[in-house]
1. Taking only the alpha-carbon atoms of segment 312-364, what semi-axes of the equivalent ellipsoid follow from 5 times the gyration tensor eigenvalues under a square root, in whole Å, largest first?
2. Among 301-310, 255-264, 98-107, how do they line up by average Cβ neighbours within 10 Å per residue, starting with the highest?
3. Please give, to one decimal in nm, the separation of the simple spin-label points placed at ARG288 and HIS63, each 7 Å out from Cα toward the Cβ.
4. For the chain, which DSSP H helices look membrane-span-like by this rule: Cα extent along the axis of 24 Å or more and mean Kyte-Doolittle of at least 1.0?
5. Determine the order of PHE76, PHE114 by accessible area, beginning with the largest, at a probe radius of 1.4 Å.
6. Isolated Cys in the chain by the 4.7 Å beta carbon test?
7. Taking the alpha carbon gyration tensor of the chain, what are the square roots of 5 times its eigenvalues, largest first, to the nearest whole Å?
8. Once neighbouring chains are kept in place and the probe is 1.4 Å, which whole percent of the accessible area of segment 266-342 is contributed by carbon and sulfur?
Amino acid sequence: MAVRFELLTTDPTGARAGILHTRRGSFPTPMFMPVATHAAFRHLGTEEVQETGASILLANTYHLMLRPGAEVFKRFGGIHPFMQWDGGILTDSGGFQIFSLPEDRLITEKGAHFRSFHDNSRQLLSPESSIAMQQAINSDIMMVLDVCIDSRTDEAGTREAMERTHRWAVRSLEAKTKHDTGQALFGIVQGGVYPNLRDESSAFLTKLPFDGFAIGGLAVGESKAERETMTARATASLPTDKPRYLMGVGTPTDLIEAVLRGVDMFDCIIPTKMAQQGYAYTFGGLVRISRTAYRLDDTPLDAECDCYVCKRYTRGYLQHLVRGRHHLGSRMLSVHNVRHYQKLMGRIRAGILSGTYDQVARELKAAIATPKD
Ligand code: GUN
Ligand code: ZN
C-alpha cells in the first residue's frame, strides 16, 4: 500500500482525525497542503514552508511537464531532491488546468491536445501521459486526470464530463499498475451540483482500488451552500478507511465546514494569494495591514502566533512594507498565513480528538467572523 489511512476518531459531527502514513512519513489529518505549483512556493523558500509545520505540499503536473519537463526530474531523481523538500508531495493531474486553456485546445476521448505557452510546441495530456509525468516527478500521491467543468453546466453536460472522468480514471489506474512505482493514486469524484451524479461518481470510483478519493469540481462557480451540500453528499458515500481530499478549497471557514462534513485533506492558494493582497489571517479575524490604524501600531500581527514575523516584527513595519509594495511584505504575510493555516488545522484536530469539535468549530467561526475593518 502506497499510503495507508489510520482513522483515529470520528466525532459526533462526522469530523475525522487520523494519520496518513506515506513513504515520506506519517502525517496528522485533517491536513492543509500549501501550494507549490511550479515546484516553488509563491514568495516562500522551501525551508520557510517546512518551518510552518506543513507536511505535504501540492505541485502541478500541467505546469511541470511544460517547464522544466520530465527529463529534468529524471536527471535530479524527482521533485524532492530537486526542490529540497523532504516531506510528502501530492501532484495534481492537470485536469483542472486543461479546461481553462485557450481556444485552440482540442479535448477528445484520448486526452487534451494543446500548444505549450512557452515554445508553442504540440502537447498531449492524456490519462497515461499524466501518470507518466507524475512518475517522472516522483510525487508521493498522484491524481487521476479528470474532466473539471464549470458548476453551472447543465445536468447532461455534467454527466458527460463525469462519465469521461470515470473512463479516464480506469485508464489512469491501468497506466499506474502497468509500471508500479509505489506511488499512491487517488480517484476524483465529479458530478457538479447534482446529488444523483455525485452518488453515481462515488459508487463507480469506490469499486476501483484507489488509495484515496478527492472531491473535485467544487469552488468553480457554485454557491457556498451548494459546495457544502455536495461535500457532505460525496463524503457520505466514500469509504471510511480511505482519505478524502477536497480539491482547491478554501478559506478558514470553508475548511472548518468541510471538516464537519468528513474531509481529511485540503489545498488552496488562498493563504499566499491573500498575503499578496495585504491580508493576514488571525484567530480574531482577517487583518488588512494597510489600514491607517496600523501605521503606528507597535504590536505583533498576531500575538498568539509563533511564526518569526509575529515574534520579531510590528504591524507598523508590515504596513510600511506592504504600502511601499516591497516583496518582503508579501513574503512576511505569506509566512504568517501559511503558519496560521497549520495552527488552524492543529486546533481543528485537537477539537476532534477531544470530542469537542462541534463547540470548537462554532467558536472558531464566530471569532473569524469578527470584523476587523
Ligand atoms: N483542483 C480544484 N478542483 C479540481 C478538480 O476538480 N480536479 C482537479 N484535477 N484539480 C482540481
Ligand atoms: Zn505569525
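The values are calculated or read from the model by the stated rules, or taken from the named source; none is laboratory data. Here the structure is a predicted model, which is why all the values come from computation and not from measurement. So basically every Cβ, Gly included, is an ideal-geometry build from the backbone, and we count neighbours across all protein chains shown. With ligands, DNA and RNA removed, areas are computed over all heavy atoms of the protein, side chains included. Shrake-Rupley method; radii C 1.70, N 1.55, O 1.52, S 1.80 Å.
1. One finds semi-axes of 33, 10, 8 Å for segment 312-364.
2. Numbers: 301-310: 18.0, 255-264: 23.7, 98-107: 12.8.
Sorting 301-310, 255-264, 98-107 by mean packing, highest first, produces 255-264, 301-310, 98-107.
3. Spacing of the two 7 Å Cα→Cβ label points: 2.8 nm.
4. none
5. If we order PHE76, PHE114 from most to least accessible, we get PHE76, PHE114.
6. CYS148, CYS268, CYS307
7. Result for the chain: semi-axes of 33, 25, 20 Å.
8. Values: 1750 of 3630 Å².
Heavy-atom surface of segment 266-342 belonging to carbon and sulfur, 1.4 Å probe: 48 percent.
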